[in-house]
Amino acid sequence: MRSITHFIHGAAQSRDGGRSADVLDPSTGAVQAQVLLGDAALLEDAVASARQAQPEWAAVNPQRRARVMFRFKELIEAHMDELAALLSSEHGKVIADAKGDVQRGLEVVEFACGIPHLLKGDYTQGAGPGIDVYSMRQPLGIVAGITPFNFPAMIPLWMGAVAIACGNAFILKPSERDPSVPVRLAELALEAGLPEGIFNVVHGDKEMVDAILDHPDIKAVSFVGSSDIANYVYARAAQNGKRAQCMGGAKNHGIILPDADMDQAVADIVGAAYGSAGERCMALPVVTPVGEATAQAFREKLVAAIETLRPGIPSDPQAQYGPLVTGQHKARVESYIQMAADEGAEIVVDGRGFSLQGYEEGFYLAPTLIDRVTPQMKSYQDEIFGPVLQILRAESFEEALSYPSQHQYGNGVAIFTRNGDYARRFAADVEVGMIGINVPIPVPVAYHSFGGWKRSGFGDLDQYGEDGVRFYTRTKKITQRWPTGGVVVDQSFVIPTMK
Ligand code: NAD
């Protein structure tokens with residue numbers, strides 16, 4: 001059985017705490033590898049390596065650090081097919097979607113190539129008599145990223161590319177369900193010229209996460225995963241004096257106003273709801289059509305669209321999406337379909353019981369559509385994270401606006417309309433972090449920043465973009481005066497002011 005090892009100081013590291021976990025092939029249901037689960041002692045090795053390497057890396061001038069990022073970008077591009085295949089083999093998403101996963105991470109590497117410009121400080125000449133004030137951005141030192149299973153390339157790169165370009169050493173603890181791509185990315189970064197110890201990968205579960213949260217030399221933790229764990233990581237990191245940005249779960253709504261281009265909205269929603277088997281934090285698992293006629297038209301067209309969908313193995317170019325990540329997760333999603341039925345919702349299309357010929361043990365679930373959901377239902381309140389779309393009908397714009405605003409999650413939302421007044425009001429008033437106007441998956445591009453509200457995001461700085469640079473650096477503010485600026489020997493016991 002293949003063993004997936006840690007990656008510390010530029011080399012595979014197989015010391016473990018005696019524990020390992022199965023890595024599955026979701027297409028077949030078979031165990032394909034064992035990933036080592038590290039402990040605090042293993043983390044200590046990674047921190048020692050980072051501690052040794054980081055000061056020198058921070059002293060490399062930003063243009064030279066950027067050149068490593070340029071080479072890293074080229075290597076990721078050159079290895080795109082290999083990375084996508086490896087990613088699909090452990091996650092299950094179809095190859096084209098796996099390439100999208102790598103590509104969205106690559107775009108953050110492209111952003112990080114501009115780090116010299118991003119790290120420039122401010123300067124005010126003559127802020128007082130002979131006094132200049134300036135600021136500088138400095139790396140934090142050693143920082144860590146803890147990532148979920150659903151984007152094993154994109155999310156490590158959201159964090160790592162920016163953290164490293166800023167001059168930090170980055171320790172990544174990827175999901176133990178699909179850990180191979182993160183290790184491969186660290187190998188490629190080394191090949192790109194990154195010094196040993198600047199990008200270490202440690203595998204593990206809660207034990208390793210806790211070791212990271214408690215390690216005094218790790219100055220910041222970036223987390224993406226489910227909300228309860230995001231909340232836990234945020235609290236424990238903060239208690240230990242660390243910076244933390246912790247992104248959580250989601251339940252994104254798609255609002256359809258009566259004037260929307262319905263064919264376009266259905267095409268957009270079907271991809272956003274069922275793509276990647278619904279295992280995206282920016283998926284659209286709830287649709288809120290406004291008015292009875294809108295709901296009817298949407299439902300009819302959606303049912304027709306669902307009939308053309310079929311899950312398949314990742315290498316099948318005809319398949320729109322692949323299996324769920326594990327059998328356990330599939331069972332959880334199925335239990336939510338049953339819960340919705342028990343709560344009185346209408347199961348319009350039931351994806352349970354689907355079996356893919358030749359892959360009967362794979363974790364496939366056909367698309368499911370549930371109508372007549374109400375805000376009181378637990379199946380609506382919770383994140384399901386599968387190929388399940390719920391319809392929550394609204395009678396007015398105000399009612400539709402209230403649903404995403406009142407939901408515990410506030411990651412993304414989309415509105416489909418031709419009416420600019422409503423769209424503008426919606427964007428201004430909705431209590432959600434990322435808004436799409438006729439855009440189903442409004443993941444901001446790499447030079448903006450990504451982050452949800454409420455239980456979708458704990459912390460005050462978002463991922464990547466300028467917020468990422470702020471998160472991974474701290475500023476120094478310098479107020480300087482030189483003798484030629486007119487120093488007067490004087491004593492003052494009053495706070496200096498500009499009066
Ligand atoms: P998860 O919370 O199970 O795992 C995330 C990370 O936390 C993993 O590295 C895992 O090893 C670790 N972890 C798991 N249990 C832990 C525990 N008890 N204590 C400490 N650490 C623990 O999430 P997942 O299932 O891998 O990913 C899916 C979730 O991530 C969904 O809720 C999805 O919405 C969310 N997500 C959010 C965003 C976002 O940006 N908001 C993006 C992608 C995924």
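Values in this text are rule-based calculations from the coordinates and carry no lab data. Remember, predicted model here, so these are calculated numbers, not experimental data. Cβ placement follows ideal geometry from the backbone for every residue including glycine, while neighbour counts extend to all protein chains displayed.
Summary of packing: across the peptides 116-129, 249-262, the per-residue average of other C-beta atoms within 10 Å ranks them, highest first, as 249-262, 116-129. Taking every Cα-Cα distance in segment 235-283 and sorting them into 10 Å bins starting at zero, the pair-distance distribution P(r) comes out as 21, 32, 21, 16, 9, 1 percent.
In degrees from 0 to 90, rounded to the nearest 10, what is the angle of the helix 80-91 Cα long axis to the longest principal axis of the chain? Around 60 degrees separate the two axes. Peptides 355-362, 324-331, 288-295 ranked from most to least packed, by the mean per-residue count of other Cβ atoms within 10 Å: 288-295, 324-331, 355-362. Considering only Cα atoms, the convex hull volume of the chain works out to 170 Å³ per residue.
For the chain, a crude dipole built from +1 on the beta carbon of Lys and Arg and -1 on the beta carbon of Asp and Glu, taken about the Cα centre, is about 1720 debye to the nearest 20.
Multiplying the residue separation of Arg474 and Glu77 by 0.36 nm and removing their Cα-Cα distance gives an extension gain of 139.8 nm.
In terms of its C-alpha gyration tensor, segment 374-465 comes out oblate, because a/c is 1.5 or above while a/b does not outweigh b/c. Helical content alone sets the calculated 222 nm signal of the chain at -12000 deg cm²/dmol, taking -39,500 (n - 2.57) per DSSP H segment of four or more residues and averaging over every residue. Each of Met498, Gln54, Gly10 was scored by the projection of its Cα onto the charge dipole of the chain, and the greatest displacement toward the positive side belongs to Met498; charges sit on the C-beta of Lys, Arg, Asp and Glu. Calculated on the alpha-carbon coordinates, the convex hull of segment 82-161 measures out at 112 cubic angstrom per residue.
The alpha carbon gyration tensor of segment 415-456 gives principal lengths a ≥ b ≥ c with a/c of 1.5 or higher and a/b no greater than b/c, which makes the shape oblate. Between the Cα long axis of helix 420-429 and the first principal axis of the chain there is an angle of about 60°, rounded to the nearest 10. Which FRET efficiency value, to the nearest 0.05, is calculated for Arg64 and Ser315 with the Förster distance at 45 angstrom and r the Cβ-Cβ distance? Computed FRET efficiency for Arg64 and Ser315 comes out at 0.65.
Dividing the Cα radius of gyration by the Kirkwood radius, what Rg/Rh value follows for segment 253-437?
0.96
Using Cα-Cα distances under 8 Å and only pairs 6 or more residues apart, what relative contact order does the chain have, in percent?
For the chain, the relative contact order is 18 percent.
Highest average first, the peptides 398-410, 102-114 ordered by how many other beta carbon atoms sit within 10 Å of their residues are 102-114, 398-410. For segment 1-156, would you read off the P(r) tail past 22 Å as a percentage of all alpha carbon pairs? Of the Cα pairs, 59 percent sit more than 22 Å apart. Taking a sphere under 14 Å around the Cβ of Ala319 and counting the other residues whose Cβ falls inside, with K and R at +1 and D and E at -1, yields a net charge of 0.
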